[in-house]
1. Using the number of other C-beta atoms within 10 angstrom as an exposure proxy, rank 198, 78, 203 with the fewest first.
2. What number, in percent, do you get for the relative contact order of segment 45-231 if the mean sequence gap of Cα pairs under 8 Å and at least 6 apart is divided by its residue count?
3. Using the 10 angstrom Cβ neighbour count as an exposure proxy, how do 208, 213 rank, fewest first?
4. I need 51, 210 ordered by Cβ neighbour count within 10 Å, fewest first.
5. Sticking with the crude label model, points 7 Å out along Cα→Cβ, report the distance from residue 46 to residue 70 in nm, one decimal please.
6. Please compute the modelled spin-label separation between residue 142 and residue 90, points set 7 Å along Cα→Cβ, answer in nm with one decimal.
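Values in this text are rule-based calculations from the coordinates and carry no lab data. Please read these numbers as outputs of a predicted model, since none were measured by experiment. Virtual Cβ from ideal backbone geometry, glycine too; neighbours counted across all protein chains shown.
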C-alpha cells in the first residue's frame, strides 16, 4: 500500500507547486499585449521650456519708450492632475524683457572763452523687467496638438534709465520691485518624441505708482513668444 500512495502524493505535490508558481507569475508579471500593440505608458509629468519673445509695451510707458522690445526666459511645470485629454500643472516662469531706444543728445557747455558750446553724444533709454511668476496651467490635448491656458502672480525687478538732458537736470533712473498678474494662452505641437514647439501669447498687468518726469515707466507688457519644450 505505501508503495502505491507515495507516487500519488508526489504527483499532487508537483501539481500544487506548479499552480502556485503560475499564480506568482500572474501576480507579478506585466500584462501581455497583442502583437504590434504598444504598451500604455504614463504621460510625462515634468516640462522644461525655453522661449524667445517679442515684447510690446502698453499704457503710459509706451508714450516715452520704444514700444517694441525683446525677451527670453525659461518655464518649468509639473503635472499634478489628469482627466482624459485634460492636464493640470503647476510651475514657475523666469523671464526677461528689454526695451531700448538709441538717442542723440545735445547739451550746452562752455568753451575756453566762456561762451556757450553745443555738444552732441549718443546714449540710450532703457527699460527692463525681470519677472518671477508662479503659474497654474490647463492643457487640452488633441492628437499631437494641444492648447494651453494659464494664469499666475509674482513680481518683476524693473529698471528704467533715461539719459540726462539740459531741460531735466535731475536723475531719470528708477528701480522697483513691481507686483504683477499674468495670463497666457498658446498652441503646442508635439514635434518629435518628447520635444514640443509652441506659440504663446502672454499679458502682464503691472502694479506700480513709480513716476519720472515723462510719466509712469512700469506699465503693462504683452509678449508674443516662440519656444521649445522637453517633457520627461
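1. The most exposed by this proxy come first: 78, 203, 198.
2. That works out to 22 percent.
3. 213, 208
4. 210, 51
5. 3.0
6. Distance between label points: 3.0 nm.
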